[in-house]
Number of protein chains: 2
Amino acid sequence: MTGTGSGPRDRTRTAQPRRGRADKATAIVQAACQVFGRDGYSRAGIDAIAAQAGVSTRTIYNHFPGGKAELFRSVMRWSSERVRDEQLAQLRRYLDLERPPHPADLERDLLALARAWVGLMTDFRDHFALVRHIYAEAGHIPADVLDAWQETGPRAVGGEVTSTMAALDELGLIDVHGDPAQATVHFMALISAEITQRSYWGVSPLPQEEADRLTAAGVRVFLRAYGSAG
Amino acid sequence: MTGTGSGPRDRTRTAQPRRGRADKATAIVQAACQVFGRDGYSRAGIDAIAAQAGVSTRTIYNHFPGGKAELFRSVMRWSSERVRDEQLAQLRRYLDLERPPHPADLERDLLALARAWVGLMTDFRDHFALVRHIYAEAGHIPADVLDAWQETGPRAVGGEVTSTMAALDELGLIDVHGDPAQATVHFMALISAEITQRSYWGVSPLPQEEADRLTAAGVRVFLRAYGSAG
DNA sequence: TCACTTTTGCAACGCTCGTTGTATGTTACC
DNA sequence: GGTAACATACAACGAGCGTTGCAAAAGTGA
């Protein structure tokens with residue numbers, strides 16, 4: 001059927017809605033984030049990404065001459081920077097060290113931060129799905145790409161949280177037992193562990209109130225272990 | 001070289017070492033566990049699995065008529081049962097509820113269990129790599145297969161640990177604050193969170209002493225939060 | 001030694017998919 | 001309005017891979 005030999009003649013079909021031209025790149029990256037997050041690198045097809053972006057296959061190669069690999073790298077950078085900025089914004093919003101919280105308000109603020117972060121898991125579901133694929137396929141991603149991603153993404157956020165933990169320790173609001181970095185990891189683990197487990201790592205999301213309950217429990221446990229009285 | 005047209009004539013090559021015949025099936029599953037864990041479902045090739053198992057491609061299809069999909073399901077079952085049995089064995093070894101620990105020995109026993117479990121992560125590296133792929137590709141695995149896996153694997157272990165937590169609570173050794181399942185999740189998260197993070201989810205393993213230190217820290221934090229005094 | 005099962009090598013099919021070239025159509029800018 | 005940059009449709013190539021059939025070879029057991 002492909003060889004009817006009709007040639008480029010019957011191009012009568014009246015143009016799909018053509019938009020701008022520079023934002024195509026971001027549309028492609030955004031669509032690629034969805035498809036890579038859903039299917040992973042190997043399973044994800046260029047055609048699927050093109051369809052999702054409302055763009056022709058050829059356009060992808062025009063914007064990303066490196067093909068699938070370059071596109072994936074771009075998605076990693078774009079998505080992790082976006083989420084990192086959002087996470088840091090929430091951190092500064094709920095734990096502004098210029099105006100440290102009253103001891104009585106510490107749990108409230110930590111809980112607000114935790115809820116905001118857990119909310120980001122559903123707001124940026126594609127991103128976290130992509131992250132799962134990244135860790136699963138870490139052995140097939142060039143080391144420098146992996147390192148650069150870790151540096152600008154998770155490690156940047158972790159560093160900021162660690163600074164915050166250290167500051168809270170200085171203020172006597174918590175007791176990090178000499179290791180603010182460890183307190184950071186434990187905090188993040190406690191607020192997300194049960195949710196990620198119960199929701200199949202985000203595959204089947206939990207009702208809001210249930211997620212809130214589990215988050216609050218994590219914060220309480222953190223404070224039992226790291227509260228200044230503990 | 002394959003297309004010399006010589007036909008099946010020059011079969012002079014003197015037979016590779018032929019072994020038994022029934023254990024080929026387990027050899028295939030074991031090899032498939034390695035390859036699936038390393039490469040994931042899509043990337044893993046039947047040829048690679050056959051080579052790893054020291055078996056011809058055709059033999060795989062003789063043992064698993066369902067092809068790649070059936071083989072993957074068999075690997076999921078086989079691997080998770082193996083690890084589950086090992087985890088349960090360690091649990092009963094270090095926390096035998098027939099002979100509950102002295103309060104003074106609780107931390108020692110919890111730490112021993114935690115270290116044993118963390119050790120399994122390296123002993124069964126292929127399995128945990130496979131698990132990462134399972135979670136990343138959960139959307140592409142039939143729901144019943146996923147559920148059956150969860151049931152016989154993680155949930156079985158979690159249930160046993162939860163029973164243990166409840167029993168320790170009854171004995172006044174810890175205080176689960178009314179939710180032993182939550183204590184279980186938090187325990188597992190705390191003992192493994194920093195290790196999985198620092199070791200790139202197991203891609204670049206940590207030195208033994210470092211892993212021990214982080215595990216011990218996790219256990220201490222757990223006891224600060226869930227100790228009967230807390 | 002002789003049937004019978006299992007394993008193997010090999011070729012081939014069919015399909016998917018990444019990638020590229022090219023001619024045509026469309027949009028933006030001056 | 002004309003020109004240059006950008007997008008699209010289409011076709012095609014090539015490689016990889018899952019899968020199957022088949023006949024030779026090797027092991028197994030009486």
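The values are calculated or read from the model by the stated rules, or taken from the named source; none is laboratory data. Note that the structure is predicted; figures quoted are calculated from it, not measured. Using ideal geometry, Cβ is built from the backbone for each residue, glycine included, and neighbour counts are taken over all protein chains shown.
The set of residues from the range B:210-228 being of a type in the set (D, E, K, R) and either at pLDDT 95 or above or within 12 Å of A:Gln182 (Cα to Cα) (or both) comprises B:Asp212, B:Arg213, B:Arg220, B:Arg224.
From the residues in the range A:43-61 that are in a helix (DSSP H, G or I) and more than 9 Å from DNA strand C (Cβ to nearest atom), which one is farthest from the other protein chains (Cβ to nearest Cβ)?
If we filter the range A:43-61 for residues that are in a helix (DSSP H, G or I), which is where we start, we get A:43, A:46-53, A:57-61.
Going one step further and asking which of them are more than 9 Å from DNA strand C (Cβ to nearest atom), we end up with A:51-53, A:59.
Values: A:Ala51: 18, A:Gln52: 15, A:Ala53: 20, A:Thr59: 25 Å.
Among residues in the range A:43-61 that are in a helix (DSSP H, G or I) and more than 9 Å from DNA strand C (Cβ to nearest atom), the one farthest from the other protein chains (Cβ to nearest Cβ) is A:Thr59.
Checking the structure you have, find out if any residue of the range A:93-100 is within 9 Å of chain B (Cβ to nearest Cβ) and in contact with a helix residue (DSSP H, G or I) (Cβ under 8 Å, 6 or more places away or on another chain). No - not one qualifying residue is present in the range A:93-100. Please verify whether A:Gly172 is on the phi > 0 side of the Ramachandran plot and touching a residue at least 12 places away in the same chain (Cβ under 8 Å), treating the condition exactly as stated. Here the answer is yes, as A:Gly172 does meet what is asked. Go through the range B:125-146 and give me each residue that's more than 10 Å from chain A (Cβ to nearest Cβ), surrounded by fewer than 18 Cβ atoms within 10 Å (Cβ to Cβ) and either in contact (Cβ under 8 Å) with a residue 60 or more places away in the chain or within 17 Å of B:Arg84 (Cα to Cα) (or both). Listed by number, the residues that qualify are B:Arg125, B:Val145.
The set of residues from the range A:189-213 being surrounded by 17 or more Cβ atoms within 10 Å (Cβ to Cβ), more than 8 Å from every other protein chain (Cβ to nearest Cβ) and not acidic (Asp, Glu) comprises A:Ile191, A:Ser192, A:Ile195, A:Thr196, A:Ser199, A:Gly202, A:Leu206, A:Ala211.
If I filter the range B:50-69 down to residues being more than 8 Å from DNA strand D (Cβ to nearest atom) and without any contact (Cβ under 8 Å) to a residue 24 or more places away in the chain, which single residue comes out as surrounded by the fewest Cβ atoms within 10 Å (Cβ to Cβ)? Going through the qualifying residues, I end up with B:Asn62. For the condition under 24 Å from A:Arg155 (Cα atoms), at pLDDT 95 or above, buried (at least 20 other Cβ atoms within 10 Å of the Cβ) and facing chain B (nearest Cβ under 10 Å), A:His186 qualifies. The helices (runs of 4 or more DSSP H) falling completely within the range B:94-194 that include 2 or more residues that are over 18 Å from the mean Cα position of the chain (by Cα) map to B:106-123, B:143-152, B:154-170. For the range B:21-41, taking the residues that are near DNA strand C (Cβ under 10 Å from one of its atoms) and crowded, with 17+ Cβ neighbours inside 10 Å, the one that is nearest to A:Arg38 (Cα to Cα) is identified as B:Ile28.
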